[in-house]
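The values are calculated or read from the model by the stated rules, or taken from the named source; none is laboratory data. On a predicted model such as this, the values are computed, not experimentally measured, just so you know. As a convention, Cβ positions derive from the backbone with ideal geometry for all residues, glycine included, and neighbour counts pool all protein chains shown.
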Amino acid sequence: MGAEFVQFSLTPMLIGVLAAVACALPGNFLILRRQALIGDAISHVVLPGIVVAFLVTGTVATMPMLIGAGGAALVAVVLIEAIRRLGRIEPGAAMGVVFTALFAGGVLLLEQSDTSRVHLDVDHALMGNLETLIWLRASGWDSVIDPVALSHLPPELPRIAVVAALMAALTVIFWRPLKLATFDEGFARAIGLPVSAIGLALVIAAAVAAVAAFDAVGSIIVIAMFICPPATARLMTDRLATQVWLSLAIAALSAILGYVLAGYGPIWLGFDSAVSAAGMIATVSGVMLAIACLWARARGRVAPVA
Amino acid sequence: MAGFLDAVLLQAGYNAGLVTIGATLLGFAAGMAGTFLFLRKRALVSDAMAHATLPGIALAFLVMVAFGGDGRNLAGLLLGAGASALIGLYLVDWIVRRTRLAEDAAIGAVLSVFFGFGVVLLTVIQSLDRGRQAGLEDFLLGATAGMLMQDAVLIAVGGALVVALIVILRRPMTLVAFDPGHAAALGLRVGRIDLAMMGLVMAITVIGLTLVGLILIIALLIIPPVTARFWTDRVARMLLIAGCVGGAAGYLGAALSATAPDLPTGPIIVLIAAGLFTFSLFFVPRRGVLAAVLARRRFQARVHWRQGLLSLARAEPIHDPLTLRILRAAGAIRPDGVATDKGRALAAKSLRDERRWDIARAIHQDTALTGRYDGLTPIEEVFTADQIADFDARIGPPQPVGAV
């Protein structure tokens with residue numbers, strides 16, 4: 001746990017944890033509202049969003065990309081809703097039509113445009129580059145309080161930290177309306193809550209989290225973290241607050257364990273190169289979900305009498 | 001354009017021709033297989049299955065290498081893909097059956113975890129295989145450049161088998177899709193029929209991997225049936241239309257992508273299918289958006305026409321611009337708003353029809369007839385001439401209406 005750890009592992013781990021947390025927070029509500037696959041759809045349409053942003057601005061600067069990706073997510077949500085209503089098609093199929101078409105458009109644009117000189121390709125979009133987000137300026141634990149070294153942190157870290165904090169703040173501020181609108185829409189409507197607006201705001205928040213996390217860790221983790229930690233927590237408790245806290249702990253644990261296993265696991269087994277951290281984090285979260293499915297206390301449809 | 005025509009006519013070279021034929025067959029089979037998936041409302045389960053193929057492909061590669069093989073044997077890779085897709089499907093069903101999680105959460109969990117594990121295995125293969133490209137990444141988005149005769153034969157045979165099985169199983173699958181309870185009561189094994197349906201979807205996913213890749217194959221399973229649903233309410237026709245939409249997308253997409261190097265086959269096929277979908281959404285007769293808008297406009301015009309005539313008959317001023325426009329267009333009023341002779345005649349008729357309806361509703365107890373009064377249905381469509389003459393006898397002689 002010396003200088004090398006701070007240089008090469010601390011920042012990717014922190015980014016992984018923050019990305020996992022930022023996705024898991026809205027994921028809790030998406031799962032309960034049976035909209036889990038919105039996360040899947042959003043993470044597919046992020047690709048056309050960033051490609052369009054790149055084509056418009058000509059650079060891979062962060063802000064245009066985030067705006068492009070967020071815009072694409074919003075377009076996708078609107079299109080899904082429009083097709084569902086105009087065509088009277090069930091939501092799953094409408095979603096399938098929209099996100100595959102947008103993703104195909106993204107791949108086509110990517111092939112058409114000259115992106116060879118910038119780091120923008122489908123593999124990167126899927127798998128992220130968590131391993132490369134290292135903090136070269138750090139010389140040890142002292143660097144954590146050294147302003148010069150701190151100013152050379154990978155820019156993804158403060159960005160995902162801000163988004164994670166934003167998600168936490170939104171969850172706390174809108175806790176009551178979110179809870180009511182999620183569990184009893186009719187009642188929420190009756191007491192005058194803007195239920196549809198809450199639903200849309202939740203999806204937008206999820207899109208923001210997805211886009212910020214996607215930038216750092218790729219879309220696999222985004223989908224896995226939207227769904228696996230909240231689903232695991234859902235099988236362990238009947239209380240919403242407990243579920244959210246548990247999901248955060250599970251998300252953070254998945255990120256740390258996954259990163260360590262990906263980075264050091266192969267070395268322990270005698271191989272000399274690491275495996276994909278993003279993939280391993282998703283795998284670990286899946287193993288935890290599997291354990292919860294088999295043994296968790298509240299896994300059944302009917303809750304146990306406490 | 002000439003290049004596109006060549007490709008459409010299969011004249012753009014051996015490989016392009018193979019790809020075009022393969023894509024057409026794949027699209028046709030996928031459209032048909034996806035139809036039951038859509039009717040059973042399980043369209044997105046195919047997404048989980050498609051993503052779940054990745055670890056199977058990677059494991060099959062590792063196993064084949066471990067036994068001293070090449071690792072790139074297509075049949076072996078596809079066998080692995082199919083096996084892990086079935087495991088993914090089983091897990092989705094198991095999670096839904098055994099835990100409180102809903103299907104969407106189960107699909108998302110299986111999809112992301114299998115795919116993540118597949119990516120881990122891909123990096124393992126990369127590190128084992130320094131310098132030599134395993135090329136497994138091609139399964140993500142498909143790659144048609146190196147398509148061989150045997151791949152085309154695989155797609156053709158596999159697709160034909162899938163279509164044949166669908167034709168054989170279409171009755172039980174239709175029954176299960178629309179009313180599983182009734183199907184079970186008739187003694188059908190609903191679970192097995194569902195499994196057969198998912199097996200067909202799995203087969204399409206696996207044989208489509210080389211051509212369009214695992215991320216986009218679900219588009220060929222979902223978009224053609226949704227498009228076909230706009231055109232018909234009958235399952236047999238829907239199957240055929242979905243097959244044709246998928247086949248057309250495959251054919252045109254492959255031909256188009258053969259014309260330029262920057263046009264990847266899989267995405268182009270998906271975009272053409274999406275184009276056909278969008279066209280159908282708007283322009284299909286009856287269910288389409290345009291048809292709905294036109295029907296609404298026609299209804300609105302009838303209401304305004306009727307209300308306008310009644311206002312003329314009662315000599316009430318008309319202010320609504322749409323009503324005025326409709327009356328003017330039909331020649332019922334002059335440009336300055338004064339009723340023409342024709343307008344007065346029609347207005348008198350409308351008022352008389354209203355009175356006839358009043359009488360009809362007073363003397364007829366048959367609500368099936370009188371209940372059809374909505375202010376728009378002409379009375380001649382509901383009652384016979386004799387009955388109407390009877391109403392007229394009760395009303396009395398005609399009276400002049402409107403400004404004279």
Subset of segment A:240-276 [under 30 Å from residue A:32 (Cβ atoms) and among the polar types (S, T, N, Q)]: A:242, A:243, A:247, A:254
Taking the criterion of being closer than 15 Å to residue B:208 by Cβ and crowded, with 23+ Cβ neighbours inside 10 Å, would at least one residue in segment B:91-108 satisfy it? no
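Right, residue A:205: touching a residue at least 60 places away in the same chain (Cβ under 8 Å), touching a helix residue (DSSP H, G or I) at 6+ places or on another chain (Cβ under 6 Å) and part of a helix (DSSP H, G or I) or not? Break it down stepwise before answering.
On the way: touching a residue at least 60 places away in the same chain (Cβ under 8 Å): yes; touching a helix residue (DSSP H, G or I) at 6+ places or on another chain (Cβ under 6 Å): yes; part of a helix (DSSP H, G or I): yes.
Yes; evaluated as a whole, the condition is true for this residue.
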Test set (1) within 14 Å of another protein chain (Cβ to nearest Cβ); (2) more than 30 Å from residue B:219 (Cβ to Cβ); (3) not acidic (Asp, Glu) - residue B:283 fails condition number: (2)
Which condition breaks for residue A:60 when tested against (1) over 24 Å from residue B:288 (Cα atoms); (2) in a helix (DSSP H, G or I); (3) away from chain B (no Cβ under 14 Å); (4) β-branched (Val, Ile, Thr)? (2)
State yes or no: is residue B:266 surrounded by fewer than 18 Cβ atoms within 10 Å (Cβ to Cβ) and either farther than 22 Å from residue B:108 by Cα or touching a strand residue (DSSP E or B) at 6+ places or on another chain (Cβ under 6 Å) (or both)? no
A careful count of residues in segment A:74-117 that are facing chain B (nearest Cβ under 7 Å) and not aliphatic (A, V, I, L, M) gives 9
Only one of A:78, A:51 is over 18 Å from residue A:127 (Cβ atoms) and among the aliphatic types (A, V, I, L, M), namely A:78
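Conditions (1) in contact with a Ser or Thr (Cβ under 6 Å, 6 or more places away or on another chain); (2) farther than 21 Å from residue B:31 by Cα; (3) modelled with pLDDT under 90, marked per residue:
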position: B:101; (1), (2), (3): no, yes, no
position: B:115; (1), (2), (3): no, yes, no
position: B:123; (1), (2), (3): yes, yes, yes
position: B:162; (1), (2), (3): no, no, no
position: B:178; (1), (2), (3): no, no, no
Show the residue pairs that are 6+ apart or on different chains and have beta-carbon atoms under 9 Å apart, the first residue being within segment B:357-385 and within 18 Å of residue B:346 (Cα to Cα), the second being outside any helix (DSSP H, G or I) and charged (D, E, K, R). B:381/B:372
Of the residues B:181, B:88, B:80, B:76, which single one is under 24 Å from residue A:282 (Cβ atoms), free of Cβ contacts under 8 Å to residues at least 60 places away in the same chain, away from chain A (no Cβ under 14 Å) and in a helix (DSSP H, G or I)? B:80
Please tell me if residue B:203 is touching a Ser or Thr at 6+ places or on another chain (Cβ under 7 Å) and either among the polar types (S, T, N, Q) or in contact (Cβ under 8 Å) with a residue 12 or more places away in the chain (or both). no
Against the condition more than 21 Å from residue A:30 (Cβ to Cβ) and free of Cβ contacts under 8 Å to residues at least 60 places away in the same chain, how does residue B:98 come out, does it pass? yes
Please specify each residue of segment B:329-355 satisfying the condition of being of a type outside the set (S, T, N, Q), crowded, with 16+ Cβ neighbours inside 10 Å and in a loop (DSSP other than H, G, I, E, B). B:330, B:332
Sort through B:28, B:36 and tell me the only one that's among the aromatic types (Phe, Trp, Tyr) and either in contact with a His (Cβ under 9 Å, 6 or more places away or on another chain) or more than 14 Å from chain A (Cβ to nearest Cβ) (or both). B:28
Residue satisfying all of: in segment A:17-65; of a type in the set (D, E, K, R) and on the phi < 0 side of the Ramachandran plot; surrounded by the fewest Cβ atoms within 10 Å (Cβ to Cβ) among these: A:33
Tell me, yes or no, whether segment A:204-222 has at least one residue that is over 22 Å from residue B:126 (Cβ atoms), aromatic (Phe, Trp, Tyr), surrounded by fewer than 20 Cβ atoms within 10 Å (Cβ to Cβ) and more than 8 Å from chain B (Cβ to nearest Cβ). no
Reported set for segment B:102-121 where residues are within 7 Å of another protein chain (Cβ to nearest Cβ) and under 28 Å from the mean Cα position of the chain (by Cα) is B:102, B:104, B:105, B:107, B:108, B:109, B:111, B:112, B:115
Among the candidates B:37, B:77, B:59, B:5, single out the residue that is surrounded by 18 or more Cβ atoms within 10 Å (Cβ to Cβ) and farther than 29 Å from residue B:124 by Cβ. B:37
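Results for (1) crowded, with 18+ Cβ neighbours inside 10 Å; (2) facing chain B (nearest Cβ under 8 Å), shown as yes or no for each residue.
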residue	(1), (2)
A:244	yes, no
A:259	yes, no
A:262	yes, yes
A:265	no, no
A:275	yes, yes
A:281	yes, yes
A:286	yes, yes
A:289	yes, yes
A:301	no, yes
Restricting attention to segment B:201-238, the residues that are closer than 13 Å to residue B:32 by Cβ and surrounded by fewer than 24 Cβ atoms within 10 Å (Cβ to Cβ) number exactly 4
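Let's see how each residue does on (1) within 22 Å of residue A:11 (Cβ to Cβ); (2) at pLDDT below 90:
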| residue | (1), (2) |
| --- | --- |
| A:171 | no, no |
| A:187 | no, no |
| A:196 | no, yes |
| A:200 | no, yes |
| A:209 | yes, yes |
| A:227 | no, no |
| A:233 | no, no |
| A:242 | no, no |
| A:249 | yes, no |
Residue list for segment A:18-46, restricted to those being of a type in the set (Val, Ile, Thr) and in contact with a Leu (Cβ under 9 Å, 6 or more places away or on another chain): A:21, A:31, A:38, A:45
